[in-house]
1. Would you be able to say whether some residue in segment B:570-593 is within 14 Å of another protein chain (Cβ to nearest Cβ) and closer than 28 Å to residue B:383 by Cβ?
2. Could you check segment A:231-254 and list, in sequence order, the residues that are buried (at least 21 other Cβ atoms within 10 Å of the Cβ), assigned to a helix (DSSP H, G or I) and in contact (Cβ under 8 Å) with a residue 24 or more places away in the chain?
3. Can you tell which of B:608, B:618 is within 30 Å of residue B:51 (Cβ to Cβ) and in a strand (DSSP E or B)?
4. Do you know which of the residues in segment B:556-577 that are assigned to a loop (DSSP other than H, G, I, E, B) and touching a strand residue (DSSP E or B) at 6+ places or on another chain (Cβ under 7 Å) is nearest to residue B:685 (Cα to Cα)?
5. Could we say that residue A:257 is buried (at least 21 other Cβ atoms within 10 Å of the Cβ), over 22 Å from the mean Cα position of the chain (by Cα) and free of Cβ contacts under 8 Å to residues at least 24 places away in the same chain here?
6. Residue pairs, Cβ under 9 Å, 6 or more apart or interchain, first in segment B:58-71 and closer than 17 Å to residue B:242 by Cα, second at pLDDT below 90 and in a helix (DSSP H, G or I). List them.
7. Of all the residues that make up segment A:62-108, how many are more than 14 Å from chain B (Cβ to nearest Cβ) and within 27 Å of residue B:461 (Cβ to Cβ)?
8. Residues in segment A:414-435 that are part of a helix (DSSP H, G or I) and closer than 16 Å to residue A:399 by Cα: how many?
């Protein structure tokens, strides 16, 4: 009998975003195809960033205020009949940096039942990227033909992504934001010109580094995300399509010059915005402008989306969708870009990654890891020799350090910590109780590190000569032996020889003796 | 006439009329309806009652505020340049004239004619024996037990005399030979008796020989007063009624116990400063004694003839059996687009609906909320309630909805003046039913009228919106002309959602692109639209603005209109009440015309039209053009974008502009002149034209799937069958 296709009513979901100046909620309807329609939203200002960037702590009053706001949002959720499974609560830099963040998260959970998910700067990038893509997908002359820069100036951080013909080459999260500027730096200058000079000085180095990742002068698409950019767009730009505005570079400069003359109070009355919105407006636009000037873009594209819509999109997507696959690709591109920055042996790195993934896939039943670990495997394989940039000797340790302190688009801090440990253990010593960066991982994370490192060692061993001689292989288990049946070009005796050492950890972790046949 | 001119043109070259005097002029226009011989008798009485109760409110609020300004020295600048003292003086003069006209009309014209028509107010000396006996019994059994005579000491403050409550005052002298009952021999005494509010003031009499005759409670009490003061002789009597300052602010800092704070305000209103005393006798000593005791001066004492307090005569206006003395009934018509027999949800998804009350029935609004209350797909209902009653079907439907598990959010404006008391009562009832009740916003009154219904349908969420110019009150919807707009437009509904989020405290005030909200954006947006009209106006293609509102009192808006007039924009204002703009002055406002419509229905809709270079823009909403609406209230203006509905609104405006039967034109000297049809011209009464239009719409677009036809014919007269 043919299955009758029943119409599933679109699902209503909510994303709550605890930012550094306000707590916001967006409620949307998502259909099976992953399309969404915004149904409702609310914003309430609360000075979380002011507390944290000044003193490192959230004050009691601010916490209470935040809980009151969230209680209001709970009422909204119940009006829309949204259950806890369909709500995501994310918190960004203010909460992330608060020394008493655990207390806050716990208090919120006890009082409201909402579980806060603190996300990392780079993860923020990933959500913003998803949202931007959704907003500008119908833009003429798509991203894939030119270079683009996506920037979001927030209260605590500024997120920047660089795309080369649609490929993510770098993603950064800088600890510079409007609230931080207001709190930490403002007392030091007297005029807006002085502030601009200060910011320009501060960003000079940053822009130079970025220029090595992507020639900024070649950037044509400059995408400015964030509330301040939207405010500017509504006044100095034109709405080009349903989800974005365009501001001409000259108009933007003009608007900025106009703002430079105004006090915050004057901005409130003249632009008809709230005090909360007016406060960070000028510094935010200055930051956008400094980046804009470094690029070759002639206009700003301002989408009407934010990290919240990114979260909605990620909500709407399963693991199999095209967008998810594309994202996965962007993570890998970003990792390769990091490798290039440290002059890695690209052929070897990519080849080892290919072998490692083949191993991961064929060995799936035995390692039992989830799909996300496969992405970590691939990134770790790409970056395993990155430490050679410092010195060949001990390059696994240098590599760990470099990776742990880098940003890779789409990966959270936790992911990066796992990957840096896999890089650390791709040769030499096994993890020991005296290795703090390993011990500080949670138990399930340590297991992932062990399994990935063990497989990576075998894959690396299969390209010991850096000549890419082993092309493909098949795994076969025979009485405690794992037989690796290789198709290869040329002599692979180096690989055979090397495997004896490389496979020791594998034997330890999985209990199989690895034999190349 | 010369007197009137002096009043309004006080300052030569003045740019504004005085607000209070303009308000009084509005009541003169209402009063002029009661002087019309072509208006049915009871309707004329109705207009008189309306004027009376309007003035009660005017004294409690506006006059009180002027008096307080003088007392405290905290003066408010009046754009017309008149000082508070000058205003009080002019008000007192004008009101005295109005009182005189009113009583002449009542005593010499309306009451005698009513008596001829069979509705008789009996003077005590004309009671028959039976009637006397009837009243005697009534007094002994029902009145006497509830009376509380209070003796006052001369020179001491008066005991409680309440606000707007009718009292009788008596001057007493101890009877000779019985002074053992009296402690201070020979002393004169003042006593006050409140006419009990719990007993009907109008007492219908028996033995009336085919007429309806009635006596007044206060007369009965006065005539039996001797029983109240044994041992005394009554040497003088007088009725009086005190009006007090009701413009008391509530302590806005109290939010969680705001209801309690409000109750305290209501309590104190009974004891606040006296503003006016109305009396029925100008001679004798009582007048002087009471004036002193209330700390009033003679200009604040108003002499009325018996009967006092006309506002309670409204009961007579609606007395059954006298239909021939009232307007022919206009049955509110059904909207053809919301047929009873099909789902209101489907109908609204098909098209936007505009309702023009009371020509068209208010029932669809009640139906919308009622059906939402029981509809399983409805998730939530949000609405604002400004002036409504606990017995309102809307309030009941909301209770049902909450009991059915819908999320119901209601913003109740407790500060709606003079309705506070009943608002508190039913708001608390709603709260008990599980409704989320928001008791207003600190320092702002929520005046916007909006309903949002969220319904989860197969294809996703659909939101049903109602936006109006009038309150959600099924009773006033029968007498106030208002527009209601129902739609499912996504963008508008989304913004209404944001509006509710902000007034419910979930969210900061949002930026809106379709709706215009006061106090944040409305004023600047209006000024900008007026300015845009001025900018675009050319001699070949002049700009055009039409606004129909209740009051225009905002100097900035007025200046913007003057400026637009100077740029050639043709401006027509249909303003029911206060208008501070001076029209038709060369060099200032020669392109502005102001008319005012006063008819059987109270004009209440607010409509704004801007020509906008041919791409006309239409807005409706809750806001008048007064500083309080634009700056101290939450108001909503909503666009009408559907071309068919725009056409309809245009024709409504044109109908009002063409009115030459119920309308007055404002002259540059401040005088309102009744517009009459000239010979050969058709007489256009806007309200009757609009009613006919509603009837036509209802009959033309009758739905096809009816179960029976509505046949137009006389009722069947066939003879009964013979066996």
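1. no
2. Selection gives A:231, A:232, A:233, A:252.
3. Exactly one residue qualifies, and that residue is B:608.
4. Among those residues, the one meeting the criterion is B:576.
5. No; evaluated as a whole, the condition is false for this residue.
6. Qualifying pairs under 9 Å: B:60/B:269.
7. Number of matching residues: 6.
8. Adding up the residues that qualify gives 10.
The values are calculated or read from the model by the stated rules, or taken from the named source; none is laboratory data. What you see is a predicted model; the values in this text were computed from it and never measured. With ideal geometry, Cβ positions are generated from the backbone for all residues, glycine too; neighbour counts draw on all protein chains shown.
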